[in-house]
Structure formats: C-alpha cells, structure tokens
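The values are calculated or read from the model by the stated rules, or taken from the named source; none is laboratory data. This one's a predicted model, so the numbers in the text were calculated from it and none came from an experiment. We place every Cβ from the backbone using ideal geometry, glycine too, and count neighbours over all the protein chains shown.
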Amino acid sequence: MPELILGVESSCDETGLAFYEIGVGLRAEVLFSQTEIHAPYGGVVPELAARDHIRRLPRLWRELQEQSGFDRADAVAVTSGPGLIGALLVGVSFARALAYAWQVPLIPVHHLEGHLLAPLLDGDLPLPAVALLVSGGHSQLIAMRAFGQYELLGDTLDDAAGEAFDKAAKILGLPYPGGPALAALAEQGDPTRFSLPRPMLDRPGLDFSFSGLKTAFRLQAERLAADDQLARANLAASFQQSIVDTLVEKCRRALRQTGFAQLIVAGGVSANRQLRSSLQERLAPLAQIHFPGVRHSTDNAAMIALAGATHLAGAGTALLPCRTRARWPLEEL
Ligand code: KG4
Ligand code: ZN
C-alpha cells in the first residue's frame, strides 16, 4: 500500500510540489507563484506560464527534497485538468517521468476536486456536504455525497466570482492580481454607501451571474474622481458586499435544498475575509462551515497530493490513464 504521495500542481500560474503521507498528513510543500511574471500583462499569459513551470519544477523538486529528507514517493498525483493545456502538460510530463523512474502509480487529479478536499489538510471533512467553489475560473455549488461522488447544483452563467473581483479591480486601476487588492481596499470602505444589485437573488435556483453587477459597478466607478480614495474604498466595499451577499444566500438555498448540514468553501475567493465572516455569521445555525487554511485556499500541490491519496485509499479505485484535459466536468469523476 503506497504511503507517501508526491503531489504536482501546474494548471495555471502556480507551480507546486508536496509530500503527503497517508495516515499522517502533509509532510512538506513548496510553492512558487508566477504573479510577477504576468503582472505587466494584467492577466495570465498561457505560454509564459508553461515556460516558467518548466524552469521552476526541477528547482522546486530539489528544494522539496532538502526540506523533507525524502527523495522518492510511493505514488505521484498530478493535476491533469482542467486548466491551461500547456501548463498542465509540463506538470504531467514531470510527474510521469518520476513515476516511471520509480516504477510507482501515477494518479491523475481533477484540480477542482483538489480544492474541494483542501479543508482536509487542516481538519476533518464530514460528508455529505454542500461545497461552494469560488475561484478565478469557477463559481459552482456542488453536492458532495461521498468522496468522488459530486453533483453540480449551480454554476455561473457568465463570469466566475474571482473573475468579477479581478475585473472590478482592473476598472479601479488596482494592481494584478485584482481580487486580494480589491478586498484590501474594501476593508477601508463602507459597504452601505453605494447601491449595487444582488445578482440572481430575485429568482429561484442556484446559478450565479456576475456580469450585470460588473456593469453597474463600472457605471458608478466612471462617475468617481480618481483621487477620491474614500469613495473608491466605499465602492469596493459595496461591490464585495454584493458578491458576498449573493454567495451566502445561494449557499443557504443549497443547504435547504439538499438538507445537508455541512458546508465546504474552497477556491481562491474563499480566502476573502468578508466572505468567511459573513458565512459564519449567517449560516452557522444551518450548517457546520469548513474552510481550507488561507495558504491552501489558492492553488497548491498539497491539496493535489491529498486528493491523490483519497483515490488510492478508496478500495478498488482503478487508476485512470493520465490524460491532460483543458476542460473536465467534475461530475465525470
Ligand atoms: O483558486 P485560485 O487560486 O486559481 C484558480 O482560479 O483556479 O483562485 C484565484 C482567484 C482570483 O480571481 C483571485 O482574484 C481570487 O481568487 N482571490 C480573491 C482573494 N484572494 C484570491 N478574491 C477575493 N478576495 C480575496 N481575498
Ligand atoms: Zn484553482
């Protein structure tokens, strides 16, 4: 039975490696963020991302070996999709080479399943649960019935929540990556000063849509004086509150609909402090709420190693051929 899993993550602009030991937990991890490489372009440039993963992985591997004292693993888990295809290919090739050299299993991991299971790195994760997955590419509500058994309850019809944060930040001229910058500005503002829509709360269902909110935000932003710092902070706070209110309300509906008493919040936007506190305040009577540690909210290899471990641990789980996929619905797992 394999015990030590090497996790490899390279689906977007973070390069990560981690060792996870079954029954013990995370043993070591290294992570490099390409933020500065992409910042001048205002977004991730896929070709630059792939090239930097190539440069970075061998160095990170040496670092991980030094940090952990391990120089091999019993299995290699790698993000094989969804993500940027060139970036994914680098990680998968790297993982495949190590697995081949060591003659150990190669476990393809769905990136979003990694995010969903990330809270397990820091605590337990009782299932069934409703999961809110909010990242730069996804805004989804998922019913997690058991490990590997996921049903999509709601999805975004246009922008993802993180994308909405990033676009709003760009409108205010904030530096890339926009989400954390907008959240920081919002902390200095009053969320009641601007009236913005709460998208999709006036109709039933669990889908999201953030593009109307973005337009309303842009119209208000265009009327502001560039040097009016307080008004900018108030507008950022109002925008953040509108997204948070929408996410909290949809989670409430999903919990009611499923009758589940556990809520998991994952993906980059789950690092948002206002979202965390509002969910705790408003939904605690309805469900126990689980967040990954802030370090494991955004992309990392620890959650990939852990997801790989749950696949290995699941009795009779056949190892899938490792195919790289830019698109990959979670429900196909
Ligand atoms: O999961 P992630 O690291 O990458 C993927 O998209 O898979 O999520 C990144 C997204 C970005 O859109 C970023 O702006 C957003 O998460 N984000 C935040 C915060 N931290 C990261 N959005 C709002 N508030 C934050 N504190
Ligand atoms: Zn991600």
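Taking GLY178, is it free of Cβ contacts under 8 Å to residues at least 24 places away in the same chain, over 18 Å from GLN262 (Cβ atoms) and within 18 Å of the chain's Cα centre (by Cα)? So GLY178 fits the description; yes. No other residue among GLY123, GLY154, GLY114 is farther than 17 Å from GLY205 by Cβ, touching a strand residue (DSSP E or B) at 6+ places or on another chain (Cβ under 8 Å) and more than 16 Å from ligand 2 (Cβ to nearest atom) apart from GLY123. Among the residues of segment 225-274, those that are assigned to a loop (DSSP other than H, G, I, E, B) and surrounded by 23 or more Cβ atoms within 10 Å (Cβ to Cβ) comprise GLY267, ASN272. If the condition is being modelled with pLDDT under 90 and either over 19 Å from ALA161 (Cβ atoms) or among the aliphatic types (A, V, I, L, M) (or both), then segment 188-203 contributes MET200, LEU201. Residues being part of a helix (DSSP H, G or I) and either under 19 Å from GLU113 (Cβ atoms) or in contact with a Ser or Thr (Cβ under 7 Å, 6 or more places away or on another chain) (or both) are represented in segment 283-301 by at least one member. What about LEU132, is it touching a Cys at 6+ places or on another chain (Cβ under 7 Å), buried (at least 18 other Cβ atoms within 10 Å of the Cβ) and outside the structural domain of GLN34 (by TED's automatic domain parsing)? Criteria met by LEU132. When you scan segment 56-63, do you find a residue that is in contact with a Lys or Arg (Cβ under 6 Å, 6 or more places away or on another chain), surrounded by 16 or more Cβ atoms within 10 Å (Cβ to Cβ) and not basic (Lys, Arg), even just one? Within segment 56-63, none of the residues are in contact with a Lys or Arg (Cβ under 6 Å, 6 or more places away or on another chain), surrounded by 16 or more Cβ atoms within 10 Å (Cβ to Cβ) and not basic (Lys, Arg).
Report, by residue number, each residue of segment 99-125 that is assigned to a helix (DSSP H, G or I) and within 16 Å of ligand 1 (Cβ to nearest atom). Those that are assigned to a helix (DSSP H, G or I) and within 16 Å of ligand 1 (Cβ to nearest atom): HIS111, LEU112, GLU113, GLY114, HIS115, LEU116, LEU117, ALA118, PRO119, LEU121. Taken together, ALA287, ALA301 contain a single residue that is within 24 Å of LEU31 (Cα to Cα) and touching a residue at least 40 places away in the same chain (Cβ under 8 Å), which is ALA301. Of all the criteria given as (1) more than 21 Å from the chain's Cα centre (by Cα); (2) surrounded by 15 or more Cβ atoms within 10 Å (Cβ to Cβ); (3) part of a loop (DSSP other than H, G, I, E, B), the one not satisfied by PHE70 is (2). Restricting attention to segment 129-165, the residues that are in a strand (DSSP E or B) and within 14 Å of the chain's Cα centre (by Cα) add up to 8. Is it the case, given these coordinates, that ALA39 is closer than 15 Å to VAL92 by Cβ, within 16 Å of ligand 1 (Cβ to nearest atom), outside any strand (DSSP E or B) and touching a residue at least 24 places away in the same chain (Cβ under 8 Å)? No, not satisfied.
Only one of the numbered conditions (1) out of contact with any Pro (no Cβ under 9 Å at 6 or more places or on another chain); (2) modelled with pLDDT of 95 or more; (3) not aliphatic (A, V, I, L, M) is not met by GLN241, and that is (1). For the structure I just gave you, tell me whether VAL92 is out of contact with any helix residue (DSSP H, G or I) (no Cβ under 8 Å at 6 or more places or on another chain), in contact (Cβ under 8 Å) with a residue 60 or more places away in the chain, of a type outside the set (D, E, K, R) and more than 15 Å from ligand 1 (Cβ to nearest atom). It is true that VAL92 is out of contact with any helix residue (DSSP H, G or I) (no Cβ under 8 Å at 6 or more places or on another chain), in contact (Cβ under 8 Å) with a residue 60 or more places away in the chain, of a type outside the set (D, E, K, R) and more than 15 Å from ligand 1 (Cβ to nearest atom). Against the numbered list (1) of a type in the set (Ser, Thr, Tyr); (2) in contact with a Ser or Thr (Cβ under 6 Å, 6 or more places away or on another chain); (3) at pLDDT below 95; (4) more than 30 Å from ALA284 (Cβ to Cβ), THR79 comes up short only at (3). Restricting LEU84, LEU48 to those that are in contact (Cβ under 8 Å) with a residue 40 or more places away in the chain and of a type outside the set (Lys, Arg) reduces the list to LEU84.
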